[in-house]
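Working notes, beginning with the structure itself.
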Amino acid sequence: MHNVVIIGSGLGGLICARQLAQSGRSVVVLERQREPGGCLQSYRRCGLEFDTGLHYVGGLAGGQPLHDAFVALGLLELPWHKLDADGFDQITIGGQTFPMAEGFDRFADTLGDCFPQERGALRQYVDLLRHLPPMDESVHVNAYDYLTSLFRDPLLVNVVSGSAMRMELRRESLPLFHFAHGISSYIQSSWRLKGSGRLIVESLIKDIVAAGGEVCCQAEVRELKETGGRIVGATCTNGNIYEGEIFISDVHPQLTFGWLGDAAVLKGTFRRRIAALQNTFGIFTVSLVLKPGALPYFNYNKYVYREANVWESPLLSPSGKMTVDRVMVSCRVPEDNTPSSQGRSENGLQVDLLTPMPWTLCQPWKDTVVGRRRQDYEQMKEQMADDCIRLAEQVIPGLGAMVAKRYTSTPLTWRDYTLSPCGSAFGVRKDCRNPLMTNLSPRTPIPNLFLTGQSLVLHGLEGVTMTALQTTDLVLNRKP
């Protein structure tokens, strides 16, 4: 019998496990995959390591949103690499490029030079980001409506939204609360990890084990056993049953409550609410290894849009084929001893290209698994990879000729490794028109079952970290 059984070893699950184990609880983490980490998993090809979900993070400097949390978690000691203050993100729209500068005032001044008639509105905008409104005041406000009422120039609306490819921009429903939180910390400071997300996973697991906790891989949960309105055990596909006093799920809520079958403790209204949740889109990723010396390292991210339609991506052409009209270009910090200004790694620079991908495009192969898909799936991926490279060549001319190797992944890949429904990249879709339905609490109708992860309040590394600490506090302060 454990004090706490945690299902899923993503960032949220591992943070909960670390904090609870260090508080003296006996903790076990159950992970269905061979390797822990969830969205922080990395994979190796030809001796190189590639990230899946982690590309950069904001707000690590003193006094900023993640600093104190990362100090407490021992994660600030990892080799973080600060991005360029003059433009940590470069937004290219219709051939024009706009730098996103670090610091609220500098951010407003830099864009004010490009849009002098909007200086006053930019000051109002950064004031909002500097003093983020409480959830209850901004979760009902439509982000797109706010931006279009603030800025007169439609191009500026697209520019300030251009780096928000790390969230799902839906003009009819995205709450201002989630948009503002997804932008603010990156303007304060932006960082890449010199190494893969595995470093975060290994650091947290080291602390968990040192405090007496366990992380069990290849332990896939298939049922949560409920007795008298409480969870008493998690049954795995290998037949093992893990009993506990408290259970925390870092797995998508729809899957979590599905493990309870027809348990009477879950009312019909709650089940219908969970079943009705919609999920955000997935991501298509092209991981490139460039020929040695082909391209210097660049210490910022490039966001490229074919046209000024940041909030209105067509995604699918009239013929039903994917239209790649936007791409994020992220460069991995070289890990050799070559100065980063040159970035000429012996292995070649590693660059990721990312673009949104709807689940509808994956439907023909939804019943397949990794490594056992059809040839037409491989052809689709190759075509999309070519399209991503061509778009990225707007800011890196000749990129295609620089490529030594490339690897691709789709929402199907994401679904198979993380169990995220429809390969969703950001979990449950938030909706300003009905926030009570789409904003989930760590608490559940079952008193000893808690939730954590990106489908609750906020997604991303910052959102998951803060939610996990909230879940942990609820467990620690829970009355028997």
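Quick one: net charge of residue 273's neighbours, Cβ under 13 Å, K/R +1, D/E -1? Could you put the intermediate results ahead of the total?
On the way: positive: 267, 271, 272; negative: 431.
With Lys, Arg at +1 and Asp, Glu at -1, the neighbours total +2.
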Revision key, fill the gap. To the nearest Å², the heavy-atom accessible area per residue of the stretch 119-256 with 1.4 Å probe amounts to 39 Å²
Review point. What full-extension length gain, to one decimal in nm, is calculated for residue 390 and residue 77 as 0.36 nm per residue of separation minus the Cα-Cα distance?
Key: 108.9 nm
Check your understanding: So, with +1 on the Cβ of K and R and -1 on the Cβ of D and E, and no other charges, what is the size of the charge dipole of the chain about its Cα centre, to the nearest 20 debye?
Key -> 920 debye
Study note, to complete from the structure: Note on the chain: helices (DSSP H) long enough, at least 20 Å by alpha carbon along their axis, and hydrophobic enough, mean Kyte-Doolittle at least -1.0, are 460-476
**Study point:** Top positive-direction residue, dipole computed over the chain with Cβ charges, set 107, 440, 221
**Key:** 221
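Percent relative contact order of the stretch 208-327, based on C-alpha pairs within less than 8 angstrom and at least six residues apart? Please report the intermediate quantities before stating the final value.
Working: 79 pairs, mean separation 15.6, N = 120.
After rounding, I find 13 percent.
Write down the percent of antiparallel bridges among all DSSP beta bridges whose residues are both part of the stretch 187-297, to the nearest 5. Write down the numbers at each step before the final one.
Details: 9 of 9 bridges.
Around 100 percent antiparallel, to the nearest 5.
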Review point. At 222 nm, what helix-only mean residue ellipticity would the chain give, in deg cm²/dmol to the nearest 500, using -39500 (n - 2.57) for each DSSP H run of four or more?
Key: -9500 deg cm²/dmol
Practice item. Looking at the chain, send over the antiparallel percent of its DSSP beta bridges, to the nearest 5. Key: 70 percent
Check your understanding: Hey, with R₀ at 45 Å, roughly what FRET efficiency would residue 323 and residue 479 work out to, going by the Cβ-Cβ distance, to 0.05?
Key -> 0.25
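Quick check: residue separation of residue 335 and residue 276 times 0.36 nm, minus the Cα distance between them. What number comes out in nm?
Numbers: separation 59, 0.36 × 59 = 21.24 nm, distance 4.48 nm.
Full extension from residue 335 to residue 276 adds 16.8 nm.
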Practice item. Would you mind checking which residues have amide H under 5 Å from residue 7's amide H? H placed 1.01 Å from N; only 5 or more apart, or other chain. Key: 30, 248, 249, 250
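By its C-alpha gyration tensor, with a ≥ b ≥ c as the square roots of the eigenvalues, how is the stretch 206-327 shaped: rounded for a/c under 1.5, else prolate for a/b larger than b/c, else oblate? Walk me through the numbers before you get to the answer.
Working: a/c = 3.27, a/b = 1.63, b/c = 2.01.
Taking the square roots of the gyration eigenvalues as a ≥ b ≥ c, the stretch 206-327 is oblate.
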Exercise for review: On the protein heavy atoms, probe 1.4 angstrom, tell me the percent of accessible surface of the chain carried by carbon and sulfur.
Suggested key: 50 percent
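What percent does the relative contact order of the stretch 43-104 come to when contacts are Cα pairs within less than 8 Å and at least six residues apart?
Details: 45 pairs, mean separation 10.1, N = 62.
Computed over the stretch 43-104, the figure is 16 percent.
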Check your understanding: Just going by the charge dipole of the stretch 360-460, with Lys and Arg at +1 and Asp and Glu at -1 on Cβ, which of 398, 380, 451 is farthest out on the positive end?
Key -> 451
Review point. Relative contact order of the chain: what whole-number percent is it, with Cα pairs under 8 angstrom and at least 6 residues apart?
Key: 21 percent
**Study point:** Sequence-distant residues sharing a close amide H with residue 214 (under 5 Å, placed H)
**Key:** 27, 28, 29
**Study point:** Accessible area of the stretch 8-83 divided out per residue, in Å², using a probe of 1.4 angstrom
**Key:** 36 Å²
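The values are calculated or read from the model by the stated rules, or taken from the named source; none is laboratory data. Computed from a predicted structure; not experimentally measured. Cβ: placed from backbone, ideal geometry, glycine included. Neighbour counts: every protein chain shown. Heavy atoms of the whole protein, side chains included, go into the accessibility calculation; ligands, DNA and RNA do not. Shrake-Rupley method; radii C 1.70, N 1.55, O 1.52, S 1.80 Å.
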